[in-house]
Structure formats: C-alpha cells, structure tokens
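Read through the structure below, which is laid out as structure tokens, and then see the notes.
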Amino acid sequence: MTFSKIVKLPKTISLGIKNVTKQLKTVWIFSSKGRIRKKIFGDIYLKTTLNLLFIKAKNKTLLNTYLSILKLVFFGILKDYFLFLEMRGTGFKFEIYNNLLVLRLGFSHLVKKKIFAGIQLVVLKPNLILLKSFDLQVLTKFCAVIKRCKPLDSYKGKGICFKGTVKLLKEGKKTQQ
C-alpha cells in the first residue's frame, strides 16, 4: 500500500479495549462498556497486535478521516461523553419510566421516546437531563431525536436545547397606534 509523502508509516493508536475485528465493510470494537460498530467505505487495512492498532490506507484523506473517527471511539471507551439537555417553558418536564424517556411538552399527549442502547440518562431537575454514553455518534443522534420533538422557538424561547444555548429572540408584531 502506498502513502502520501507526509504519512510514511502506519499510524498507531494505543488501546484500552478488549478486541477489534474487521468483517467485510464493518469494524467491531469490543470493550468492557459494550461494543461499537463502525462502517468502513474505501480501501482500509486494519491490524491489531498486542495493544496497538495499525491502520493503512491508499488515500491520505481517507486514512485521516478514519483515524479521527477511531480516536473519538477510543476516547469514548476510556472516558464517557456526556451532554446536558434542558427544557425551557412552563410545565415542560423530563421523566423516565422503564426504558422510555417521557416528555411533557404542553401537548394534549405525552411524547415517549425509547432510550437507545448504550445511553444512560439522569434527570437532574424536571427540566434538565444528563445524557451519558461511550459512543459519541449514538449520543448526538439521540439528542437530535429529543430536540426534534420541540425545537427552540425563536419568538418565545420555549423548547428543548443544550444547556447554555443562547437564542436571540425575534421581535414580535408591532401594533399600530
């Protein structure tokens, strides 16, 4: 396999995980926290020896892309990712029942969302929730699913957003006198 002039040797990543296997176009990463599956497109060569993972690719940009994806995965296995979501608005609440996240959003019905595998939820306040996972991609996807239920309103500032999000409110209709 050939490399560009800048990348002459295979890049290595030290691992704190049990096993890495490649089957066809999929890489499986097993750890004590669970397993992660990443799809691979293009010509990538992976080899594990002792506690190292060797990555080779014909294309330098493809190599760097998969290297950064795998670094995020390995960081998540060593230290979990976490995000805070908050609800803004009167009467809006987060609740957890069994494996469901129940959202009270001021509708005539409750919004129920199944919690994805590998995600832990902690309700800190009725309107503030902590989401924790070792897989950043799954975590951000679940946050997007929740935020889509009630996006942040640009006039009143009500809805679901990440904690600390600053939303500039639009000016309402002006009345004529």
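The values are calculated or read from the model by the stated rules, or taken from the named source; none is laboratory data. Only a predicted model underlies this, so the values are computations on that prediction, with no experimental measurement involved. Counting neighbours? That spans all protein chains shown, and the Cβs are built from the backbone with ideal geometry, glycine included.
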* Asked: When only residues in segment 45-56 that are β-branched (Val, Ile, Thr) and at pLDDT below 75 count, which is surrounded by the fewest Cβ atoms within 10 Å (Cβ to Cβ)?
  -> Thr49
* Give Cys149, Cys161 a once-over and let me know the one that is closer than 26 Å to Lys79 by Cβ and touching a residue at least 40 places away in the same chain (Cβ under 8 Å). => Cys161
* Restricting attention to segment 90-138, report how many residues are on the phi > 0 side of the Ramachandran plot and in contact with a strand residue (DSSP E or B) (Cβ under 6 Å, 6 or more places away or on another chain). => 1
* To do: Assess whether Phe94 counts as being closer than 30 Å to Gly42 by Cα and either without any contact (Cβ under 8 Å) to a residue 40 or more places away in the chain or exposed (fewer than 13 other Cβ atoms within 10 Å of the Cβ) (or both).
  => no
* Hits in segment 21-45 (condition: hydrophobic (A, V, I, L, M, F, W, C), touching a helix residue (DSSP H, G or I) at 6+ places or on another chain (Cβ under 9 Å) and assigned to a strand (DSSP E or B)) -> Val27, Ile29, Ile36, Ile44
* To do: Return yes when Phe142 is outside any loop (DSSP other than H, G, I, E, B) and of a type in the set (Phe, Trp, Tyr) and no when it is not.
  => yes
* To do: Select from segment 8-44 the residues that are modelled with pLDDT under 75, loosely packed, with under 11 Cβ neighbours inside 10 Å and of a type in the set (A, V, I, L, M, F, W, C) and write down the one among them that is nearest to Lys71 (Cα to Cα).
  => Leu9
* **Of the criteria (1) part of a loop (DSSP other than H, G, I, E, B); (2) out of contact with any Cys (no Cβ under 9 Å at 6 or more places or on another chain), which one Pro151 fails** => (2)
* Output the residues belonging to segment 123-153 that are surrounded by 12 or more Cβ atoms within 10 Å (Cβ to Cβ) and more than 16 Å from the chain's Cα centre (by Cα). => Val123, Leu124, Pro126, Asn127, Leu128, Cys149, Lys150, Leu152, Asp153
* Of the residues that make up segment 98-105, is at least one over 30 Å from Tyr45 (Cβ atoms), of a type outside the set (S, T, N, Q) and in contact with a Cys (Cβ under 8 Å, 6 or more places away or on another chain)? -> yes
* Structure fact -> Considering segment 74-118, residues that are at pLDDT 90 or above and among the charged types (D, E, K, R), and then whichever is nearest to Ile129 (Cα to Cα), we arrive at Glu86
* Which of the residues spanning segment 69-122 are over 18 Å from the mean Cα position of the chain (by Cα), of a type in the set (Phe, Trp, Tyr) and either more than 19 Å from Gly159 (Cβ to Cβ) or not in a strand (DSSP E or B) (or both)? -> Phe92, Tyr97, Phe107
